[in-house]
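What follows is a short report on a single structure.
What follows is calculated from the coordinates using simple rules that are stated; it is not laboratory data. Treat the numbers as computed from the prediction; the structure is a model and nothing was measured. Virtual Cβ from ideal backbone geometry, glycine too; neighbours counted across all protein chains shown.
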Amino acid sequence: MEATVDLVRALVAEQFPRWSHLAVEPVPQGGWCNRTFRLGPDMLVRLPSADRYASQIPKECELLPQLACHLPLAISPVRGLGQPSLGYPFHWSVLDWIEGDRLPLDGSIELNAMATDLGAFLKALQGAPVEGPPPGPHNFWRGGPLATYDRETRDALVRLGNKVPGDICLALWEEALDAPFSGPDVWLHGDISPANLLVRDNQLAAVIDFGNCAVGDPACDYSIAWTSLPPSARRRLRETVGGDTGTWLRARGWALWKAVISLAGEPGNLGEAQHRATLQAILDDPVF
């Protein structure tokens, strides 16, 4: 579902009239699960793009204020929770705008230090004394059993055929499945990726978009080790967050799942090179 500037203006004027005079502008690369708009210089509006993402907005608005005081980096302060109206069927949110750029992977930032800061953030998040929901449909089972995506992964490998080393990928996937999580459940973000890591003055400054957060297995948050980090930063992240071998086998499994389903389902897309790089990183550097 596409949201427009006119719709956002109307929703804000109806439900938050004190902000109705502020300019509304779409954010370039404003997200997939949500459409994002600037509201004046200091706020943003997030509107779910489909029904399967709709439950994430109320969850964020409830939990972000509770989590923020336990975390060493900024997360988006909540200004308001909007109600379905004017033909728009979902809850929507108004948050503070956090200045920063998405984490660049072009060598312009020192990723070893960033990995340490990210690891410290994840450790703090895992220890937050806040009650939260278990994994489920609301977050596409991030933090739940990796086996949820077993059939999807196997089907993707069949479709890819000899475009990837299928036997090796399948062995790595089964190795991850053979290391099930046994607790304790902890907080996880659910979508740790460069798009959700904001950098300011060459340092990690904020973590955004908690729509996939839950309390469960944190391994999915570590998949960034292969999707976005070079070997030295990959090891720095593991040194910082710790975790046993099984945790990292599952983390590698999450990265493998994402790479193969993307390669199988979206051949020739703009992200194909990135997914192939992830797969190569998994094959070259298992971090064990």
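The figures follow:
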{"quantity": "Environment charge of P231, counting only residues whose C-beta is closer than 9 Å and scoring Lys/Arg +1, Asp/Glu -1", "calculated": "0"}
{"quantity": "Span-like helix ranges in the chain, DSSP H, alpha carbon extent 20 angstrom or more, Kyte mean at least 1.6", "calculated": "none"}
{"quantity": "Within straight-line cross-link reach of K123, lysines at Cα separation under 30 Å, skipping those fewer than 8 residues along the same chain", "calculated": "K59, K258"}
{"quantity": "Loop-located GluC sites (Glu not before Pro) in region 1-82, at most 14 other Cβ atoms within 10 Å (DSSP)", "calculated": "E2"}
{"quantity": "Sites T245 and E99, calculated FRET efficiency, Cβ-Cβ separation with R0 45 Å, nearest 0.05", "calculated": "0.70"}
{"quantity": "Highest-first arrangement of 214-220, 7-13, where packing means the average Cβ count within 10 Å", "calculated": "214-220, 7-13"}
{"quantity": "Cβ-derived FRET efficiency at R0 22 Å, S193 paired with R235, nearest 0.05", "calculated": "0.70"}
{"quantity": "Rounded FRET efficiency, nearest 0.05, which uses the C-beta distance separating A273 from N112 and R0 of 25 Å", "calculated": "0.60"}
{"quantity": "Cβ-based net charge around V45, under 9 Å, with every Lys or Arg adding one and every Asp or Glu removing one", "calculated": "+3"}
{"quantity": "Per-bin percent of Cα-Cα distances, region 5-96 [5 Å]", "calculated": "3, 14, 25, 26, 20, 9, 3, 1"}
{"quantity": "Dipole axis of the chain (+1 Lys, Arg; -1 Asp, Glu on Cβ), positive-most option in A156, G271, P180", "calculated": "G271"}
